[in-house]
Amino acid sequence: MEFIFLCSRVNALILLLTLCSPYKFIQSPMDFGPLNLLQTTHEASLDFGRIVFNTPSAVLKPQSKTDIALLLSSLSASSLSRVTVSARGAGHSIHGQAQALDGIVVEMESLPVEMEIHKRKGEDGISFVDVSGGALWIEVLKESLKFGLAPRSWTDYLYLTVGGTLSNAGISGQTFKFGPQISNVLQLEIVTGQGELVTCSRTENSELFYSVLGGLGQFGIITKARILLQDAPEKVKWIRAFYDDFDTFTKDQELLVSMPDLVDYVEGFIVLNEQSLHSSSVGFPGNVGFTPDFGTREKPKVYYCIEFGVHDYQLEHMNIDEVVRDISRQMSYMQSQLYSVDVSYFDFLERVRMEELSLRRQGLWDVHHPWLNMFVPKSGIVEFKDLLTESISPDDFMGLILIYPLLRDKWDGNMSAVLPEVGSTDQVMYVVGVLQSANPDTCNHRCLHDLLQHQCSFAQTAHDQIGAKQYLGHQPSPLHWRSHFGRRWDQFARRKSQFDPNYILGPGQGIFTNPHSASSALR
């Protein structure tokens, strides 16, 4: 364990007194010895959600992990501290989770990208990459592919930082097979809320390791991660199958995740209208001839699509087309509604980028994103679907609704990510992502407010009636966070007091309140 403190306590005191002033104070960049805090930037109060805009008092653009440790050790060492700190990666939060009202935002993408690939030697060896926390997953992919390797578990969108996704969980269609990204981490380097630079793993400083993974930025800032790698396939056979019955759709999804030796990726989505069908198909290069009848406003007709992938390593003894035929024969999709295409592994993982570029061309990327993601017990997935489809209008909904199964035994219960509390025999759960967009040109402030109120009410109902848990979520109060964590709250709170006892980190989540924070002083 390495402890780093400010060289000059005088500089630390000036920093603290300045930040604690109730006045807007930053007119120009400030130099505090080795730290160079800058006046706030537009990006520091902005995220993908475009719902919350909390302005910090200062921004740190670190050039090394030492800069982060210096900042946090100085704040933690002083009893005068009212300053909170948030680490901001690619800014893909929805509800200001990486913002710090009147505090300091650490721009993690300013860290120089460091990446070192370690390729296994021998049958028993493992391959891994050591990568800085501010690196993007797309950068990890490009570098690891040079060695014929790639991480095992992904997110759908790759322009996110390593530290950002590991602070939540990191899920995609590979999660059923390899678990979330946090289950594929061998080691971390963390700067705790006290400014201590710590290397941790399952066997070294394990409590910190488990706390930070899925810990919502509450215990430390990830400056480096060691990620498991696997051999990368040459291509992927990418298949889509359509359904008009929800039970058949989920039954086939669960069939696919029961075949991890054959299937490498499983997702799915609800087809509400033409827009959702088109949006989900932008990245799919095959010719999809599905032309459904969506019914009428009074009697809408809803469809479902399974998307799965099989890795093609171009091996002579393996005929990928036969594998897909064997799998599809066991499925019960709509007649003639199965489509497949061969794509490179890189293009498959980049599929959401195609949709992003399409939306940018239409001016529909930088809009409000009142997204809601929830983990749902298998026993409640039908009720959840019914609640959801009753609460939205297919004619008005703009966006995509993802739904696919995960397996609980691929998650480590010691980590901080929260899953539905269900019986130990129920291994299957679902993730549902209501990825809704609200264009400011057609949805004004009142419209957005109503959407958010409705979403909050729906999430609470799903929690109370079904036991669903929000992922990447926002809770309206610390009391609601206690309910979210349930029986795990005491452990989470204990870890907070151990690794960030001054409640400096992660104020944007709203889990804990720093009674001495600058924002509290101004209220």
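The values are calculated or read from the model by the stated rules, or taken from the named source; none is laboratory data. The structure presented is a predicted model; accordingly, all values stated were derived computationally and were not measured. Backbone-built Cβ (ideal geometry, glycine too); neighbour counts: all protein chains shown. Heavy atoms of the whole protein, side chains included, go into the accessibility calculation; ligands, DNA and RNA do not. Shrake-Rupley method; radii C 1.70, N 1.55, O 1.52, S 1.80 Å.
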*Report the charge-dipole magnitude of the chain in Debye, nearest 20, computed about the Cα centre from +1 at each Lys and Arg Cβ and -1 at each Asp and Glu Cβ.*
1420
*asked:* Quick check for you: with a 1.4 Å probe and neighbouring chains kept, what is the accessible area per residue of region 145-192, in Å²?
replied: 20
*Tilt relative to the chain, helix 246-257 - C-alpha long axis, 0 to 90 degrees, to 10*: 70
*Amide H neighbours of G268 under 5 Å, counting only residues 5+ apart in sequence or on other chains, H built in-plane at 1.01 Å?*
E307, I403
*asked:* Taking the Cα centroid of region 187-203 and of region 438-510, what is the distance between the two, rounded to the nearest whole Å?
replied: 26
*Per the 1.4 Å probe, what fraction of the accessible area of the chain, in percent, lies on carbon and sulfur atoms?*
49
*Could you give the angle, 0 to 90 degrees to the nearest 10, between helix 65-77's Cα long axis and the longest principal axis of the Cα atoms of the chain?*
60
*In whole Hz, with x marking every Gly and Pro, tabulate ³J(HN,Hα) for region 380-390 from phi via Karplus 6.51 cos²θ - 1.76 cosθ + 1.60, θ = phi - 60°.*
x, 5, 5, 4, 4, 4, 5, 4, 5, 5, 6
_J(HN,Hα) series, region 172-182, from Karplus relation 6.51 cos²θ - 1.76 cosθ + 1.60, nearest Hz, glycine and proline x_ = 6, x, 8, 4, 4, 9, 10, x, x, 4, 5
*Set Lys and Arg Cβ to +1 and Asp and Glu Cβ to -1, take the dipole of region 300-375 about its Cα centre, and tell me which of F346, S328, N373 lies farthest positive.*
N373
*asked:* With n ≥ 4 as the cut-off for DSSP H runs, can you work out [θ] at 222 nm for the chain, using -39500 (n - 2.57) per run divided by the number of residues, rounded to the nearest 500?
replied: -8500 deg cm²/dmol
*Sequence-distant or interchain residues sharing an amide H contact under 5 Å with H368, placed H: which?*
A438
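What's the magnitude of the charge dipole for region 434-523 around its Cα centre, counting Lys and Arg as +1 and Asp and Glu as -1 at the beta-carbon? Answer in Debye, nearest 20.
Once rounded to the nearest 20, the dipole reads 400 debye.
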*asked:* Straight-line reach only, C-alpha to C-alpha below 14 angstrom: list the aspartates and glutamates that K61 could link to, leaving out same-chain residues fewer than 8 apart.
replied: D31, E43, E107, E109
*Any idea what angle helix 445-466 forms with the longest principal axis of the chain, computed on alpha-carbon atoms, 0 to 90 degrees, nearest 10?*
70
_Placing unit charges on C-beta atoms (Lys and Arg positive, Asp and Glu negative, everything else neutral), compute the dipole magnitude of region 220-291 about its Cα centre in debye, rounded to 20._
440
_Give the separation of the Cα centroids, region 139-160 to region 336-374, in Å._
17
